[in-house]
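Here's the structure, in structure tokens; my notes come after.
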Amino acid sequence: MSNRTNENAASTRRTQEERRKEAESRLLDAGLALVAQKGVSGMTLNDVGTLAGYSRGIVAHHFGSKELFVRALANHVRQRFLDAEQGQSKRPSGVERLIASVELYLSKPGEHSRAINAMLTEAVLFGGSLQADMTEFTRMTLEFYAAQIRIGIAAGDVRADVDPERVAILILGMLRGVAMQYLLNPKQVPLKAVREDVVAAIRLMLRK
């Protein structure tokens, strides 16, 4: 086989791989949008394919069953969290990185937050693999918050008697509670003021 033939074959494989990744990304985004609207139980694979602009059977082709697609959605949510945190990497690790994450979380809860809340609710109600996936997502989030608090303690910015794991649970509870109230009735929650209050409460919990 000539070098040109090899190059053409490699180019074709790369193109196919890029198309596959693009399709899966669009399907996952469409899945999150439908979960935000209908919940996990109300989402169908056919609707996902249609919303993403593909055939009705494409989700099953790429992911198999609905359960496997929902697990992929949970992984997608985790990756978006990691990407968002990576975007805050300009902030120094510790208290300010934690505060940046909190501000980002409460910047304006929308479709992504609605989908997460729907998945958390159904995980609690129905258990199964979704519960395991959302438990892992929660663990990862708590671990990130606790790590920033420990860095703050080591740097002398946080009181030494603060329990990082317990405070991380309190912080995540505040964030999810505020986000849920905002999603239920945005007009009732002055988000900017509440976000400032949450940040002030966290600083008060941590300060020396």
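Where residues in the range 144-158 are surrounded by 13 or more Cβ atoms within 10 Å (Cβ to Cβ), of a type outside the set (A, V, I, L, M) and touching a residue at least 24 places away in the same chain (Cβ under 8 Å), which of them is nearest to VAL194 (Cα to Cα)? Let's see the steps before the verdict.
Within the range 144-158, the first condition is being surrounded by 13 or more Cβ atoms within 10 Å (Cβ to Cβ), and the residues that meet it are 144-153, 157-158.
Filter once more, so that each one left must be of a type outside the set (A, V, I, L, M): 144-145, 148, 150, 152, 157.
Next, only the ones that are touching a residue at least 24 places away in the same chain (Cβ under 8 Å) stay: 144-145, 148, 152, 157.
Details: PHE144: 22, TYR145: 20, GLN148: 22, GLY152: 24, ASP157: 24 Å.
Out of the qualifying residues, it is TYR145.
Taking GLU67, is it surrounded by fewer than 17 Cβ atoms within 10 Å (Cβ to Cβ) and in contact with a Ser or Thr (Cβ under 8 Å, 6 or more places away or on another chain)? Break it down stepwise before answering.
Numbers: surrounded by fewer than 17 Cβ atoms within 10 Å (Cβ to Cβ): yes; in contact with a Ser or Thr (Cβ under 8 Å, 6 or more places away or on another chain): yes.
Against the criterion (surrounded by fewer than 17 Cβ atoms within 10 Å (Cβ to Cβ) and in contact with a Ser or Thr (Cβ under 8 Å, 6 or more places away or on another chain)), GLU67 qualifies.
Which ones in the range 183-208 are free of Cβ contacts under 8 Å to residues at least 60 places away in the same chain and in a helix (DSSP H, G or I)?
So the first thing to find is which residues in the range 183-208 are free of Cβ contacts under 8 Å to residues at least 60 places away in the same chain, and the list is 184-190, 192-193, 196-197, 200-201, 204-205, 207-208.
Within the range 183-208, LEU184, PRO186, LYS187, GLN188, LYS192, ALA193, GLU196, ASP197, ALA200, ALA201, LEU204, MET205 meet the criteria.
Out of the helices (runs of 4 or more DSSP H) lying entirely within the range 57-172, which hold 3 or more residues that are in the same structural domain as LEU184 (by TED's automatic domain parsing) and farther than 24 Å from ALA23 by Cα? Lay out the reasoning, then the answer.
Details: elements: 58-63, 66-86, 95-105, 111-126, 128-155.
It comes to 95-105, 111-126, 128-155.
Check the range 169-176 and report whether any residue there is over 30 Å from GLU67 (Cβ atoms) and either among the hydroxyl-bearing types (Ser, Thr, Tyr) or crowded, with 20+ Cβ neighbours inside 10 Å (or both). Walk me through how you get there before you give the answer.
Start the filter on the range 169-176 by keeping residues that are over 30 Å from GLU67 (Cβ atoms), which leaves 170-171, 174.
From what's left, either among the hydroxyl-bearing types (Ser, Thr, Tyr) or crowded, with 20+ Cβ neighbours inside 10 Å (or both): 171.
The answer is yes; a qualifying residue exists.
Looking only at residues that are in contact (Cβ under 8 Å) with a residue 60 or more places away in the chain and of a type in the set (Val, Ile, Thr) in the range 60-116, which one is farthest from ALA154 (Cα to Cα)?
Here the answer is VAL70.
In the range 159-208, how many residues are touching a Gly at 6+ places or on another chain (Cβ under 8 Å) and farther than 24 Å from MET140 by Cβ? Give the derivation first.
From the range 159-208, those touching a Gly at 6+ places or on another chain (Cβ under 8 Å) are 206, 208; that's our starting set.
Those left that are additionally farther than 24 Å from MET140 by Cβ: 208.
Qualifying residue count, the range 159-208: 1.
The values are calculated or read from the model by the stated rules, or taken from the named source; none is laboratory data. From a predicted model like this one, the values you see are computed outputs, not experimental measurements. Every residue, glycine as well, gets a Cβ built from its backbone with ideal geometry; the counts of neighbours run over all protein chains shown.
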